[in-house]
Amino acid sequence: MVTFTYPDSMASFAIGNQGEHIGIRKKYHGLVFTLNEIKEVVSEFGMPDRQSSTYDRFIEVQVWDDRPIQSHSRLLIGDVTHYGKSAGTTASRSRRSASP
């Protein structure tokens, strides 16, 4: 499963939920969208402008399943067959120890 925020999730959450941002708040701030929903948002508001001086410069995607990126895991953190289970790399050991 993937979801999207417009703009990135940190900015979107703050703008959508903190009172001091009410003046710049749009209806998409503070929300998480499915693929079909983000298409509707882009259709209504357009693609973000990366050169903009506002917060609305990006669309962020959240991947809620590691299966789509498993084939790339060796590039990211070494020879890993499952998150938290390693072939002995330092990066994997530190990730495992940081887990709750």
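The values are calculated or read from the model by the stated rules, or taken from the named source; none is laboratory data. The structure presented is a predicted model; accordingly, all values stated were derived computationally and were not measured. Don't worry about glycine lacking a Cβ; one is built from the backbone with ideal geometry, like all the others, and counts go over all protein chains shown.
Brief remarks on what is shown
- Subset tally (residues that are at pLDDT below 85, out of contact with any strand residue (DSSP E or B) (no Cβ under 7 Å at 6 or more places or on another chain) and of a type outside the set (D, E)) for the range 41-73: 11
- The range 17-51, subset acidic (D, E) and part of a helix (DSSP H, G or I), residue surrounded by the fewest Cβ atoms within 10 Å (Cβ to Cβ): E20
- T54 meets the conditions (1) surrounded by fewer than 13 Cβ atoms within 10 Å (Cβ to Cβ); (2) closer than 24 Å to D66 by Cβ in every case but one. The failed one is (2).
- Scanning the range 3-29 for residues that are over 13 Å from the mean Cα position of the chain (by Cα), of a type outside the set (D, E, K, R) and farther than 12 Å from I59 by Cα gives A14, I15, G16, N17, Q18, G19, H21, I22, G23, I24.
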